[in-house]
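See structure below.
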There are 2 protein chains.
Amino acid sequence: MKVSTIITLKKDVLDPQGKVIHQALDGMGFKNVNEIRQGKYFEIDINEEDPKKAKLIVEDMCKKLLANLVIENYKIIETQ
Amino acid sequence: MKVSTIITLKKDVLDPQGKVIHQALDGMGFKNVNEIRQGKYFEIDINEEDPKKAKLIVEDMCKKLLANLVIENYKIIETQ
């Protein structure tokens, strides 16, 4: 089954990449943006048919490799 | 309001970064992964209270800056 996860910077952590994209959009005429924050997205196709177990495995992956929990949060968003 | 968008590589496009993460996970003992694909995630806080209009603006941003439509797809996922 496929499980997806979104990794985002914590609220208090500066996101310079997001700022640059914000400026670029501003320069292109998108004037009504307050803030942009960029994150990472992973789509993991896993050999596990039980959604709960698959989610637990992906959570483990996030903790051990995908996310830096000091500055990032992860969210497991979709299970199909 | 906040609108989020996920940018992913199209199915037929190679994802070397995902492959490397796959190998790393494999080396760490996660043996039951079939495939990992990485994408980008943007959380856009926009000065527009109408969800439909906000989505249209973000779609426009995806087409003009955030996504490379030759090799990437975008999905607008969440509107709060």
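Would you check if there is a residue in the range B:54-61 being part of a loop (DSSP other than H, G, I, E, B), without any contact (Cβ under 8 Å) to a residue 24 or more places away in the chain, open to solvent by 30 Å² or more (accessible area, probe 1.4 Å) and not hydroxyl-bearing (Ser, Thr, Tyr)?
Checking the range B:54-61: not a single residue is part of a loop (DSSP other than H, G, I, E, B), without any contact (Cβ under 8 Å) to a residue 24 or more places away in the chain, open to solvent by 30 Å² or more (accessible area, probe 1.4 Å) and not hydroxyl-bearing (Ser, Thr, Tyr).
Those residues that are closer than 19 Å to A:GLU35 by Cα, part of a strand (DSSP E or B) and either of a type in the set (D, E, K, R) or free of Cβ contacts under 8 Å to residues at least 24 places away in the same chain (or both), I need them from the range B:33-52; list them, please.
Within the range B:33-52, B:LYS40, B:GLU43, B:ASP45 qualify.
Restricting the first residue to the range B:5-32 and requiring it to be farther than 13 Å from B:GLU72 by Cβ, which pairs with a second residue that is open to solvent by less than 60 Å² (accessible area, probe 1.4 Å) and assigned to a loop (DSSP other than H, G, I, E, B) meet a Cβ separation below 7 Å and a spacing of at least six or different chains?
Close Cβ pairs satisfying both conditions: B:ASN32/A:GLU48.
Can you report the number of residues in the range A:62-80 which are touching a residue at least 60 places away in the same chain (Cβ under 8 Å), over 21 Å from B:MET1 (Cα atoms) and either loosely packed, with under 14 Cβ neighbours inside 10 Å or of a type in the set (Lys, Arg) (or both)?
The total comes to 4.
If a residue has to be within 20 Å of the chain's Cα centre (by Cα), open to solvent by 30 Å² or more (accessible area, probe 1.4 Å) and more than 30 Å from A:ASP60 (Cβ to Cβ) to count, how many in the range B:13-50 make the cut?
1
The values are calculated or read from the model by the stated rules, or taken from the named source; none is laboratory data. Being a predicted model, the structure only gives us computed values, none of them experimental. Counting neighbours? That spans all protein chains shown, and the Cβs are built from the backbone with ideal geometry, glycine included. The area values use the complete protein model at the heavy-atom level, side chains included, leaving out ligands, DNA and RNA. Shrake-Rupley method; radii C 1.70, N 1.55, O 1.52, S 1.80 Å.
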